[in-house]
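The values are calculated or read from the model by the stated rules, or taken from the named source; none is laboratory data. Remember, it's a predicted structure, so these values are computed and weren't measured experimentally. Cβ placement follows ideal geometry from the backbone for every residue including glycine, while neighbour counts extend to all protein chains displayed.
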Amino acid sequence: MPLHLFISLVFLLNFIILFFIRPIGGENFNSTDMNQSQIPQIIFKDFTLFDIGKNNIVGTTLSGERGEGFRDGSYRIRNVEIKYQNSEFIENIVGKYAYYNSHNIEIQDNVFYKRSDNRSIKTDKLSYNIENGYVFIPNNFIFQKDGFSIKGNHLVIDRDKGKISAFKIDAILK
């Protein structure tokens, strides 16, 4: 069975469970005091998603321990890992939580970014803009590469060009 057919069947099964099997007892999910947008519409556990790009090549994978999809099209993911590959390097981003909508992925809490060219970054918050391919770190970070480190509080990475720009930095050369 082709993978895309299998994924479609899994989605259809989850859709049927979500809309035709109602909770018995417990909370009333139609209560007016509860915000419907805060209730997950679908939940994934121990999953991996593949983004197939040009020439039918997998460019990005996103995996997590638990994912929750909401009515507005956003997702919340726990223990997230994103792997990306272009012609020059492979990058890996891990964090405790991620929030996804159609334009951005925001990763928070113990974020670690590592590339195959020995560059790594530690921070508490990283945002990736899907449309333009930029990674933003709006707060404190530690950048390391081949025996030196740079501390700063704002960093921008152009994923497609591999260019990293840092602002308000303190460099420590070893």
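Structure summary
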| read-out | value |
| --- | --- |
| Residues located in the range 121-174, provided they are hydroxyl-bearing (Ser, Thr, Tyr) and within 19 Å of Ile105 (Cβ to Cβ) | Thr123, Ser127, Tyr128, Tyr134 |
| Lys83, sole failed condition from (1) surrounded by 15 or more Cβ atoms within 10 Å (Cβ to Cβ); (2) over 25 Å from Lys45 (Cα atoms); (3) of a type in the set (D, E, K, R) | (2) |
| Among the residues listed as Asp146, Asp124, Asp109, the single one being surrounded by fewer than 15 Cβ atoms within 10 Å (Cβ to Cβ), out of contact with any helix residue (DSSP H, G or I) (no Cβ under 6 Å at 6 or more places or on another chain), modelled with pLDDT of 90 or more and farther than 20 Å from Pro40 by Cα | Asp109 |
| Residue among Asn118, Asn153, Asn140 that is farther than 24 Å from Asp51 by Cα, loosely packed, with under 14 Cβ neighbours inside 10 Å and at pLDDT 85 or above | Asn118 |
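A quick yes/no check of all residues on (1) on the phi > 0 side of the Ramachandran plot; (2) of a type outside the set (Phe, Trp, Tyr); (3) free of Cβ contacts under 8 Å to residues at least 12 places away in the same chain; (4) touching a His at 6+ places or on another chain (Cβ under 6 Å):
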| position | (1), (2), (3), (4) |
| --- | --- |
| Glu68 | no, yes, no, no |
| Val80 | no, yes, no, no |
| Ser87 | no, yes, yes, no |
| Tyr99 | no, no, no, no |
